[in-house]
Structures are given as structure tokens and as C-alpha cells.
1. Restricting to region 66-77, name every residue that is assigned to a loop (DSSP other than H, G, I, E, B) and under 20 Å from ARG111 (Cβ atoms).
2. From the list SER244, SER299, SER238, SER259, which residue is within 19 Å of ARG425 (Cβ to Cβ) and among the hydroxyl-bearing types (Ser, Thr, Tyr)?
3. Find the residue count for region 303-337, including only residues that are modelled with pLDDT of 80 or more and among the basic types (Lys, Arg).
4. Which one is nearest to ILE99 (Cα to Cα), of the residues in region 43-58 that are among the hydrophobic types (A, V, I, L, M, F, W, C) and either open to solvent by 30 Å² or more (accessible area, probe 1.4 Å) or within 42 Å of the chain's Cα centre (by Cα) (or both)?
5. Search region 247-268 for residues being assigned to a helix (DSSP H, G or I) and of a type in the set (S, T, N, Q), and hand back the single one that is surrounded by the fewest Cβ atoms within 10 Å (Cβ to Cβ).
6. Conditions first: (1) surrounded by fewer than 14 Cβ atoms within 10 Å (Cβ to Cβ); (2) over 25 Å from GLY113 (Cα atoms). SER190 passes all but one, so which condition is the exception?
7. If you check TRP121 against the conditions, is it within 29 Å of ILE42 (Cβ to Cβ), in contact with a Pro (Cβ under 7 Å, 6 or more places away or on another chain) and either of a type in the set (A, V, I, L, M, F, W, C) or open to solvent by less than 30 Å² (accessible area, probe 1.4 Å) (or both)?
8. Enumerate the pairs (first residue in region 277-296 and open to solvent by less than 10 Å² (accessible area, probe 1.4 Å); second residue anywhere and of a type in the set (D, E, K, R)) with beta-carbon separation below 8 Å, excluding pairs fewer than 6 apart on the same chain, so at least 6 apart or on different chains.
Amino acid sequence: TCKFPNFFTSCKGLNFDHLAKSLLCFALSNDQFTQLTALTWINELRKFGKHQLASHYSDILAVVLHCFSNAPKNICEIAHEINEGIREEYPVLAERSNINTILSALTRGLRLGKDIQIETWRWIIELLSWHRAEVISYFGENFDSLMKALSDSSDKVVPFVLKAYARIVGDAELFHRLFSLLFQKLHSDSLLDRRGFLIVSHLCALLNAEQVYRKFSSLIEGEDNLEFASEFVQKLNSILITSSNLASMRALLKQTLVSAAGKDLFLSLYSSWCHSTRATISLCLLSQVYRHANCVILSMVEEDRMMKPLIGATIVVFWLELPSFAHIKQQLLEDGKNVWLKKLLYHLIMLLPRNSEAFKLLLGRLGSLPKHNSVGTQFECASCGHQHLEILQLADPDDENQDTGNTKDAIDFASLLKKFMHIQRKFFNHLKTKMPLQHLKSASS
């Protein structure tokens, strides 16, 4: 058996270029023994002649990446060892390698199997640390490889693609360009429906979640396709109220009426959230602007009773049971406070079918509230005929800010309501042209 260290040290005149090229040819052999032997020699050559081998990194990577797919275990193991060895050595030897030839070899790997794609994206992520400008330039202005991978690869590949994405968006210009391209990509190939949740969740974990939401919100606000805008907002809202990565955003929104930063975040989201009534109500619940949530519901019912299904009262009731809305349960127990919140719950229950699970759930919630001493008000339940619900006695507050504390830098809720109704009328009229009104509920709620 040849002892590699002694062999290489004794062969001072060894032509590394010629040997490397020969071994790479053998490494592509269909004969497994020949392939394994060539890869073993390449691995030893890497260890003891790495400075001379740096110029061949691109060719070596192309070969070893090819071995990751459908190769026997022993060949895969030696290929992974070579790959990891080069990755560790690369920062030291970067100047001796040609970044463009390496990127070219990696790009070929993006067209192969899942395992090869994952390893390729790991390399691209690392190269962005060492040659950021060159890698971004190689991707080109439209970042076609990046965008295509989000659509064509398996779900296991997408997180690695998004890590590369997060490494690229290092300045305002690239941030805007890449998010605009991503927005267009989500619009096509049903990508929003298939991977919207995955993509947005990972971007929020990798980048500043508030920055991600603000950018998507601004792009949605200018979107002409109302159905896509509504679907996107509902995806964003679902992540907002369920993801642990967005806890700080939820906490900030709860400060909407008492903090300039909370107010600014609320307003930055509101215009795009108007594309979905249930998302708007959810945002109001998070932000504790309960009177405005009541106005949103009443405006929909008063505008056109056929618009009621757009409110999505059922799903809003189930959302109230999520940990993100724990503050609501606590506030309902506070004597004489949050009257508009309690009114909101009654408005929701009036929109629910009496025999539905959501109705029973909310009825139980209201029935468990303490009986406070206040002026009585009755609420008629439209879904229950002309019966009345008299579970809780509510006082009618004299002014909008009685239970909100919104006394400084007040939000112009009247203008927000006009904006909301304008978008919802457009959306409702659009739906009427596409389907019979009897199908509106199943399509929109």
C-alpha cells in the first residue's frame, strides 16, 4: 500500500496539474472501484499538496458534487470528506482559486438532485462571506438562479436558498430589488400558495421581521390583483399571530395607542391589511384599537349585507383562543374597562350561525364574564331570528378614547375606515363579477 505522505514528499518534481486532471477523469468513471480509487488519491493530494491544488477547486467540486447523488455509501463518504476539506481550506487559499470558475461549477450543481442542490447552496452562502461582490455580480441583475430555486427545488432546499438571500440583501438597493423580484415570483407559479408561509417565516427569522413586513406591506399596497393581495395579506397575518419569531412585533403593535413606534408599525401595515377584512380585524385586536374594529364590522354590514361573509367572523373567533390574543381574555375581566372590546364580541356573535362551533365558543366566553354594574344594552342576533342576547350588560361610552387612552398624537381612524371601505368595495365588486353571490361566502370568508 502506498503511503501518501512519504510519496508526495519524495516526489518533489511531481506535476500536480497533470496528476489532478488525470485523477478527475478517473473520478468520473462508471467503474466504482476506479472512481473510489481516484477520489481517494484526490483527497490525499488535497491534504499534502493543497497549495498546488487550489486552481483545480472548481473541477474537483464539480466532480464531488456529482457523487452526492445515487453513489454508493463509500464513494459518498470520500466525496463529502473532500468537499468539507476544501470548504475549510478555502478562506486561506481563496486568492489561488478562480471564483468565477467555482461559481460556474456550482451553478451546474443547481440543476441536479436535491442533495447536490443543498450542498451547492451551502457553498454559495459561504462564498458570499468571502467574495460577496463577485457572487452578487455572477447572479446577475435578476437573480434568476435564486428565484428559480424557490420554485423548482424541494422544501428542504428552500431554507438554504433563503439563507443566501439573507446574505445578499445587505444594502437598501439590493433589499428593494430582491424583495420586488420575490414579490413577483410569489405572484407566479402558485408559489404563494405552495411556499408562501415557508418563505416569509424563514425570512423573518433570518432578517429583521419588522423590516420584512413593512416591505411586503408596501408592495401589496400597490398591487392591482386584488385576490393575490388578499391572499398574501392573509398569509402574512397568519404568520404574525402564530410565529414565535414575531413576538416582538406583536408586543409593539399592542403599544399602538401609547407609543409612536407602535403607531407607526400599525399604520405601515394597515393599508395593505385592508385587502382582507378578517386580517384587518385581527390587526385591530392585536393593536387594541377595539372601537375601530367595531366600525370595520358595522361598515361592512351597513354597506351591503351580502358583504358580511367577507368579515370571516368564524375564523376571527377561533383566533381569539390563540396565545397571541391572551391579553383580550385578561381585559374582558377588568371591571368597567374595554367596553368596545365587549361590543366587538357581540357584533361577531351576531354574524355567526347559532348552531356553529364558533357561536358556542364565543357564547361560552361571554357567558363566563362577571356581571358588572352598568347601563343595559340588548343585542339582536341576526342569525337567531329576533331573539336577544342578554348575557352581559354594557355601558355605552361617551367618546371614542374612553377605553383606549389614545389622547396624544391620535390616529385618524375615520380616514383609515374610508380607505378600508374603498378597498373592500373594489374587492367585493370584483368577486361579484367572477361568481354567483351564493358562492361568495365559501370563496371569501
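The values are calculated or read from the model by the stated rules, or taken from the named source; none is laboratory data. Fair warning: this is a prediction, and the values are worked out from it, not measured in the lab. We place every Cβ from the backbone using ideal geometry, glycine too, and count neighbours over all the protein chains shown. Just the protein is used for accessible areas: all its heavy atoms, side chains included, with ligands, DNA and RNA removed. Shrake-Rupley method; radii C 1.70, N 1.55, O 1.52, S 1.80 Å.
1. Kept after step one, since they are assigned to a loop (DSSP other than H, G, I, E, B), are these residues of region 66-77: 68-72.
PHE68, SER69, ASN70, ALA71, listed by residue number.
2. Details: SER244 fails: within 19 Å of ARG425 (Cβ to Cβ); SER238 fails: within 19 Å of ARG425 (Cβ to Cβ); SER259 fails: within 19 Å of ARG425 (Cβ to Cβ).
It is SER299.
3. 1
4. Taking region 43-58 and keeping what is among the hydrophobic types (A, V, I, L, M, F, W, C), we get 45, 48, 53-54.
Applying the additional criterion that residues be either open to solvent by 30 Å² or more (accessible area, probe 1.4 Å) or within 42 Å of the chain's Cα centre (by Cα) (or both) yields 48, 53-54.
Working: PHE48: 22, LEU53: 14, ALA54: 11 Å.
Across region 43-58, the extreme among qualifying residues is ALA54.
5. Selected residue: SER248.
6. (2)
7. Details: within 29 Å of ILE42 (Cβ to Cβ): yes; in contact with a Pro (Cβ under 7 Å, 6 or more places away or on another chain): no; either of a type in the set (A, V, I, L, M, F, W, C) or open to solvent by less than 30 Å² (accessible area, probe 1.4 Å) (or both): yes.
In short, no.
8. Short answer, once both residue conditions are applied: LEU286/ARG250; LEU286/LYS254; SER287/LYS254; TYR290/LYS343; TYR290/ASP403; ASN294/LYS343.
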